[in-house]
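A.B. asks: To start, I am sharing the structure in question, which I have written as structure tokens.
The values are calculated or read from the model by the stated rules, or taken from the named source; none is laboratory data. Note that this is a predicted model, so its numbers are computed, not measured. Cβ placement follows ideal geometry from the backbone for every residue including glycine, while neighbour counts extend to all protein chains displayed.
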Ligand code: HEM
């Protein structure tokens, strides 16, 4: 045997060893897959043999109590359960540990959205960041631009002047018109005006100066329709996607959806053009869309129209959740007057007679506790927005198959008495030792320390939480500084959320029996002064027209 034979033998042995190692790895992967298959699916509440849990879910939908039904099942079945709604199976994730593991640690496999032909493809023309697939380069790009031009710390701070102006205007409207403060429906509209106007200012650089401005209804209705059309059972085409192949004249979903998309795009383009004209006259605000347009590469958007559509989507994502946050906060202040009194004392002690500013938040830790407690007890998106698994995953002895539709059940996690003792009590002091902002808390290593899950989790987490925090902090401080928040004379006491259920589960409706009464003559004067100053310092804006042109 010569030396070359020896080296050949050695090479063959190394080759065999590598093959053996690869084979072992492959076998292990196979075995793990097989093992995973052996794991059971999460439990399912007993249901109809054909319709599954649909009858019970429909009944809860009719009474606006889905959040309570899914909470009841979370208590019965634990960290994960599944619900069969006709042909669809939905998985609900009900504990902080499960959320951390499934949405955060396994985020590469849980950041997908379901494919909604009607809402995502037709109504939104494949442009809506909320509905796009996680693997879609457009989603990645839109998230990146959202951060750069609207939701980073710097951009969220750039929105504060809009917020200061709009809330001062709201305070002045209510303080100088006592009958407005006595009408729940007008207060709902006035709070809607200032939240919508804050965010149309931050997105399109356009404000909404009056409560009847049609843009408020337009934005609200557009966002609601997009969500309603994603609900299981709302469209046959989402149950049988092959219907998408039907020719246009035989496809009513395509006809209806695309006509809506055309209408919404025309609405966006109209505002885009106004900004361009405004820019020529140098009267443009420091807002999302003007910022994109002023960049020589338009932040990488293929078209300016796409950027304008994203501006609308951001306004939709921001405005209603923020209005609801303030509205639910008023509900809690009426339900828990002692908390209202404590909060007011804390605010007064720092600001006295001058109007609170966002910067005061750092000196009034109780406000931070109020924010966390409100988003815990009344998460605006209480059952999460569905994600989909892109491969089979496992958690704590259960298997979630590829393609499973998963919901972060924020209501159940945040009303779990093991996590939050006495969960139905609005008790800001439970966060007394937690001074973290949303970003820090979200990234807490120990998920048990995380304050709440109102903004979701994982790669699809709401990108707007810094903006939302600023908006809510200013609203809380100014509302309490300016007004007594009291139940209306005809309110049925004690207040019961089920007497005024809102459009989305767990949210109060505009029937909430609320009144706002200005605290003193001195406060009224201060409000007038603050509003006049805010109006004077304000950046010129592209004015939203009062007369609304509906372009279909
Ligand atoms: C109180 C205020 C808000 C709440 C409670 C809230 C809540 C949420 C939730 C639960 C999601 C889904 C997260 C998930 O799928 O895991 C979401 C998504 C989103 N939110 Fe917010 N949001 C708020 C304010 C805002 C603001 C101010 C903006 C914009 C400035 C915004 C923009 C978005 C966008 C673009 C998405 C889609 C993210 C994606 O699918 O990748 N939101 N939000």
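A.B. asks: Taking the stretch 146-159 as the search range and keeping residues that are buried (at least 18 other Cβ atoms within 10 Å of the Cβ) and part of a helix (DSSP H, G or I), which one is modelled with the lowest pLDDT?
C.D. replies: Step one: filter the stretch 146-159 for residues buried (at least 18 other Cβ atoms within 10 Å of the Cβ), giving 146, 149-151, 155-156, 158-159.
Going one step further and asking which of them are part of a helix (DSSP H, G or I), we end up with 146, 149-151, 155-156, 158.
Working: 146: 98, 149: 96, 150: 96, 151: 97, 155: 96, 156: 96, 158: 93.
Once the filter is applied, the top-ranked residue is 158.
A.B. asks: Considering each residue of the stretch 126-145, count those that are within 9 Å of the ligand (Cβ to nearest atom) and part of a helix (DSSP H, G or I), and give that number. Before you say what the answer is, go through the steps one by one.
C.D. replies: The initial filter retains those residues of the stretch 126-145 that are within 9 Å of the ligand (Cβ to nearest atom), namely 128-132, 134, 139, 142-143.
In the following step, the residues that additionally are part of a helix (DSSP H, G or I) were identified as 139, 142-143.
Total meeting the criteria: 3.
A.B. asks: Can you find a residue that is assigned to a helix (DSSP H, G or I), out of contact with any strand residue (DSSP E or B) (no Cβ under 9 Å at 6 or more places or on another chain), over 19 Å from residue 395 (Cβ atoms) and at pLDDT 90 or above anywhere in the stretch 72-83?
C.D. replies: Yes, that holds for at least one residue.
A.B. asks: A further question follows. Quick check: anything in the stretch 178-193 crowded, with 21+ Cβ neighbours inside 10 Å, within 12 Å of the ligand (Cβ to nearest atom) and in contact (Cβ under 8 Å) with a residue 60 or more places away in the chain?
C.D. replies: no
A.B. asks: Here is a further query. Just to be sure I understand, how many residues within the stretch 475-511 are surrounded by fewer than 24 Cβ atoms within 10 Å (Cβ to Cβ) and within 16 Å of the ligand (Cβ to nearest atom)?
C.D. replies: Within the stretch 475-511, residues that are surrounded by fewer than 24 Cβ atoms within 10 Å (Cβ to Cβ) and within 16 Å of the ligand (Cβ to nearest atom) number 5.
A.B. asks: What number of residues within the stretch 438-458 satisfy the criterion of being more than 7 Å from the ligand (Cβ to nearest atom) and either under 16 Å from residue 369 (Cα atoms) or assigned to a helix (DSSP H, G or I) (or both)?
C.D. replies: Our first condition is that a residue be more than 7 Å from the ligand (Cβ to nearest atom); within the stretch 438-458, this holds for 438-453.
Restricting the remaining residues to those that are either under 16 Å from residue 369 (Cα atoms) or assigned to a helix (DSSP H, G or I) (or both) gives 438-442, 447-453.
Summing the residues that are more than 7 Å from the ligand (Cβ to nearest atom) and either under 16 Å from residue 369 (Cα atoms) or assigned to a helix (DSSP H, G or I) (or both) in the stretch 438-458 gives 12.
A.B. asks: To continue, here is another question. Is there a residue being surrounded by fewer than 20 Cβ atoms within 10 Å (Cβ to Cβ), in contact (Cβ under 8 Å) with a residue 12 or more places away in the chain and not in a helix (DSSP H, G or I) anywhere in the stretch 304-326?
C.D. replies: No, every residue in the stretch 304-326 fails to be surrounded by fewer than 20 Cβ atoms within 10 Å (Cβ to Cβ), in contact (Cβ under 8 Å) with a residue 12 or more places away in the chain and not in a helix (DSSP H, G or I).
A.B. asks: Evaluate the stretch 43-52: report whether one residue or more is crowded, with 20+ Cβ neighbours inside 10 Å and within 20 Å of residue 387 (Cβ to Cβ). Even if it seems obvious, please write down each step before you answer.
C.D. replies: The first filter runs over the stretch 43-52 and keeps only residues crowded, with 20+ Cβ neighbours inside 10 Å, leaving 52.
From what's left, within 20 Å of residue 387 (Cβ to Cβ): none.
Among the residues of the stretch 43-52, not one is crowded, with 20+ Cβ neighbours inside 10 Å and within 20 Å of residue 387 (Cβ to Cβ), which makes the answer no.
Conditions tested, residue by residue: (1) more than 14 Å from the ligand (Cβ to nearest atom); (2) more than 22 Å from residue 301 (Cβ to Cβ); (3) buried (at least 18 other Cβ atoms within 10 Å of the Cβ); (4) more than 17 Å from the chain's Cα centre (by Cα).
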position	(1), (2), (3), (4)
99	no, yes, yes, no
105	yes, yes, no, yes
165	yes, yes, yes, yes
169	yes, yes, yes, yes
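A.B. asks: Looking at the structure I just gave you, is residue 400 over 19 Å from the mean Cα position of the chain (by Cα), modelled with pLDDT of 95 or more, surrounded by 23 or more Cβ atoms within 10 Å (Cβ to Cβ) and away from the ligand (no atom under 14 Å from the Cβ)?
C.D. replies: On the way: over 19 Å from the mean Cα position of the chain (by Cα): yes; modelled with pLDDT of 95 or more: yes; surrounded by 23 or more Cβ atoms within 10 Å (Cβ to Cβ): yes; away from the ligand (no atom under 14 Å from the Cβ): yes.
Considered against the rule, which asks whether it is over 19 Å from the mean Cα position of the chain (by Cα), modelled with pLDDT of 95 or more, surrounded by 23 or more Cβ atoms within 10 Å (Cβ to Cβ) and away from the ligand (no atom under 14 Å from the Cβ), residue 400 comes out as yes.
A.B. asks: Hey, another quick one. With respect to residue 365, is the statement that it is modelled with pLDDT of 95 or more and within 16 Å of the ligand (Cβ to nearest atom) true?
C.D. replies: Values: modelled with pLDDT of 95 or more: yes; within 16 Å of the ligand (Cβ to nearest atom): no.
So residue 365 does not fit the description; no.
A.B. asks: Another one. Go through the stretch 398-437 residue by residue and tally those that are more than 30 Å from residue 133 (Cβ to Cβ), out of contact with any helix residue (DSSP H, G or I) (no Cβ under 6 Å at 6 or more places or on another chain) and outside any loop (DSSP other than H, G, I, E, B).
C.D. replies: The number of residues fulfilling the criteria is 2.
A.B. asks: Here is a further query. Which one of the conditions (1) more than 8 Å from the ligand (Cβ to nearest atom); (2) touching a residue at least 12 places away in the same chain (Cβ under 8 Å); (3) surrounded by fewer than 23 Cβ atoms within 10 Å (Cβ to Cβ) does residue 461 fail to meet, given that it meets all the rest?
C.D. replies: (1)
A.B. asks: Go through the stretch 378-397 and report how many residues are away from the ligand (no atom under 13 Å from the Cβ) and in contact with a helix residue (DSSP H, G or I) (Cβ under 9 Å, 6 or more places away or on another chain). Break it down stepwise before answering.
C.D. replies: Going through the stretch 378-397, the residues away from the ligand (no atom under 13 Å from the Cβ) turn out to be 389-397.
So of that shortlist, the ones also in contact with a helix residue (DSSP H, G or I) (Cβ under 9 Å, 6 or more places away or on another chain) come out as 389-396.
Of the residues in the stretch 378-397, 8 are away from the ligand (no atom under 13 Å from the Cβ) and in contact with a helix residue (DSSP H, G or I) (Cβ under 9 Å, 6 or more places away or on another chain).
A.B. asks: Just the residues that are within 20 Å of residue 428 (Cα to Cα) and touching a strand residue (DSSP E or B) at 6+ places or on another chain (Cβ under 8 Å), please, taken from the stretch 484-506.
C.D. replies: 484, 485, 486, 495, 497 - these are the residues of the stretch 484-506 that are within 20 Å of residue 428 (Cα to Cα) and touching a strand residue (DSSP E or B) at 6+ places or on another chain (Cβ under 8 Å).
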